[in-house]
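**Student:** Have a look at the structure that comes next, please.
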């Protein structure tokens, strides 16, 4: 596998694809793009994190940037630090849910948002052309360390006027936690303790980057935390990915809440507090629309990708947004996925409504999602998408990002992969069988 380069950064297996050479080149390009200004640098717990941090910090200094190091900390904490320090951008050293041998550079601009397409393409251009320059000895940047970044992040959550830590504390919640040896092992206990949650049962809570299981918070990886919730009689189970921007939940019965439903619960909570629309991407569950309609609001859809959701939120004035992978985006804090604020919102919802996590989950509509793919080989992917649009034109398909067809009892979304010769086929239905039938129906029609 070769280095994956996109507008949001670079990603690869350290030592083969991701090397000191390309780390240096890409960092120098970003530093130059940022105007050799102030750049925040943070990282997750991966074993190669310190090596990458040393290279990134030194390179940024070399192109004249002043660096604020926040160390091992959740991705949303780095985003909050950009705002705290009025920085020109940030580099997050994290490969998110990828396995432990991967690492990556994720890039934020001065608004603490991931780079948009134009900004990312410019960084790539500078990197490829190596049109940056290193400074003389008396022009190199400085370095400071901020060891209060997480405390600042937690305090800003507590200052949200709809988060009542005293009410949450009064419920004496018991919580189970699986941060998969990532930064959630640092960030989630900090927000729980600040909210007065004193009973925390943790597994895989050493922030050493040696992930105890596949770090993507999918059902097949979460049986241990489900068992822990039942064994300890917890009110809620919390799971984060290695950089703690995604949040998965387990109900008090030890059942999976469902990543898609993390977002739905956040929408339900916020739309009860504020009047306004919400936004998510095209491949997220229809339950988002159900929740929005319950509150008399509209759920807007964007192309897949966090920055695309953010842009849609800003365009429509959304009071809450997110992605179905457990990503909660609360603009009152910052425009980025944030598991810490997600935890606070879920506990506040449970406390205010005096409802168990299982009963709340059962109050939401049930949908089943299916994810598959079509191999392209010598087939023209664009032609496949055009055919789908034509065949299903009576359904007014959404072509914002590939082709999404909404049926009465579900939907199918076809979109080309950016990294593989495939078309991703996401479908959702009122049952797993219905999701399968809809996907197979659309795939068969475009292949015939």
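**Student:** Highest GNM mean-square fluctuation, the chain, Cα pairs closer than 10 Å: which of 104, 169, 279?
**Tutor:** Comparing 104, 169, 279 in a Gaussian network model of the chain, the most mobile one is 169.
**Student:** Between residue 83 and residue 111, what length in nm is gained on full extension when 0.36 nm per residue of separation is reduced by their alpha carbon distance?
**Tutor:** So the chain would gain 9.4 nm between residue 83 and residue 111.
**Student:** Which distance in nm do the two modelled labels at residue 383 and residue 433 give, with both placed 7 Å along the Cα-to-Cβ direction?
**Tutor:** Roughly 3.6 nm, to one decimal.
**Student:** Over the Cα atoms of the chain, what radius of gyration and what Dmax do you get, in Å?
**Tutor:** 21.8, 67
**Student:** Can I ask one more? Please compute the alpha carbon radius of gyration of segment 305-402, then divide it by the globular-protein estimate 2.2 N^0.38 Å. Two decimals is fine.
**Tutor:** Relative to the rule-of-thumb radius for its length, segment 305-402 sits at 1.48.
**Student:** Could I ask something else about it? What is segment 113-173 by shape, rounded, prolate or oblate, if you read a ≥ b ≥ c off the alpha carbon gyration tensor as root eigenvalues and call it rounded for a/c under 1.5, prolate for a/b larger than b/c, and oblate otherwise?
**Tutor:** Note, shape of segment 113-173 comes out oblate.
**Student:** How much of the DSSP bridge set in the chain is antiparallel, in percent, rounded to the nearest 5?
**Tutor:** Bridges in the chain that DSSP calls antiparallel: roughly 60 percent.
**Student:** With every atom except the alpha carbons ignored, what do you get for Rg and Dmax of segment 343-383, in angstroms?
**Tutor:** 20.1, 56
**Student:** Next up: Could you give the alpha-carbon Rg of segment 17-76 over 2.2 N^0.38 Å, rounded to two decimals?
**Tutor:** The value comes to 1.06.
**Student:** Considering only C-alpha atoms, what is the centroid distance from segment 295-346 to segment 243-279, in Å?
**Tutor:** Distance between centres, Cα-based: 11 Å.
**Student:** What residues from segment 17-49 fall in the zone where the backbone N is under 14 Å from a label point 7 Å along the Cα-to-C-beta line of residue 143?
**Tutor:** Answer for segment 17-49: 39-43.
**Student:** Also, quick follow-up: How long is the gain from residue 160 to residue 444 if the chain were fully straight, where each residue apart is worth 0.36 nm and the alpha carbon distance is subtracted?
**Tutor:** 97.3 nm
**Student:** While we're looking at this one, here's another question. If each residue's Cβ is checked for other Cβ atoms within 10 Å, how do 134, 426, 261 rank with the fewest at the top?
**Tutor:** Ascending Cβ contact count within 10 Å gives the list 134, 426, 261.
**Student:** For the pair residue 54 and residue 223, what calculated FRET efficiency results from E = 1/(1 + (r/R0)^6), where r is the Cβ-Cβ distance and R0 = 51 Å, to the nearest 0.05?
**Tutor:** Computed FRET efficiency for residue 223 and residue 54: 0.85.
**Student:** To continue, here is another question. Once Rh is set to the Kirkwood radius over Cα pairs, what Stokes-Einstein translational diffusion coefficient, in µm²/s, holds for segment 335-448 at a temperature of 20 °C and a viscosity of 1.002 mPa s?
**Tutor:** Rounded to a whole number, D works out at 132 µm²/s.
**Student:** What percent antiparallel are the DSSP beta bridges of segment 1-131, to the nearest 5?
**Tutor:** 55 percent
**Student:** Between residue 352 and residue 393, 0.36 nm times their residue separation minus their Cα-Cα distance comes to what?
**Tutor:** Answer, rounded to one decimal: 10.3 nm.
**Student:** Where is the GNM fluctuation largest for the chain (alpha-carbon springs, 10 angstrom cutoff): 199, 73, 262?
**Tutor:** Result for the chain, Cα springs under 10 Å: 199 fluctuates most.
**Student:** Here's another thing I want to ask about it. Using the Kirkwood formula on the Cα atoms of segment 153-362, what hydrodynamic radius do you get, in angstrom to one decimal?
**Tutor:** Mean inverse Cα-Cα distance, inverted, gives 16.7 Å.
**Student:** Sticking with this structure for a sec: Scattering from the C-alpha atoms of segment 135-231 alone, worked out with Debye: what is log10 I(q)/I(0) at q = 0.22 1/Å?
**Tutor:** Once normalised to I(0) and log-transformed, intensities are -1.16.
**Student:** Related question: Calculate the FRET efficiency for residue 170 and residue 406 from the Cβ-Cβ distance with a Förster distance of 41 Å, rounded to the nearest 0.05.
**Tutor:** Rounded to the nearest 0.05, the efficiency is 0.40.
**Student:** Can you sort 259, 315, 220 from fewest to most other Cβ atoms within 10 Å of each residue's own Cβ?
**Tutor:** So the ranking, lowest neighbour count to highest, is 220, 315, 259.
**Student:** Find how many whole Å separate the alpha carbon centroid of segment 82-150 from the alpha carbon centroid of segment 160-200.
**Tutor:** About 30 Å separates the Cα centre of segment 160-200 from the one of segment 82-150.
**Student:** Could you give log10 I(q)/I(0) at q = 0.15, 0.16, 0.22, 0.29 Å⁻¹ for segment 372-432, computed by the Debye formula over C-alpha point scatterers of equal weight, without solvent?
**Tutor:** For the requested q values the scattering log ratios are -0.44, -0.49, -0.87, -1.25.
**Student:** Starting from the exponent 0.38 and prefactor 2.2 Å, build the expected Rg for segment 4-147 from its residue count and divide its actual Cα Rg by it.
**Tutor:** 0.92
**Student:** Quick check: pseudo-label points 7 Å beyond the Cα along Cα→Cβ at residue 272 and residue 232, how many nm apart are they?
**Tutor:** 2.5 nm
**Student:** If you average the alpha carbon positions of segment 418-448 and of segment 206-235, how far apart do those two centres end up, in angstrom?
**Tutor:** 30 Å
**Student:** Also: Sort 125, 286, 46 so the one with the fewest other Cβ atoms within 10 Å of its own Cβ comes first.
**Tutor:** 125, 286, 46
Every number here is computed from the coordinates shown, using simple stated rules; none is lab data. Being a predicted model, the structure only gives us computed values, none of them experimental. So basically every Cβ, Gly included, is an ideal-geometry build from the backbone, and we count neighbours across all protein chains shown.
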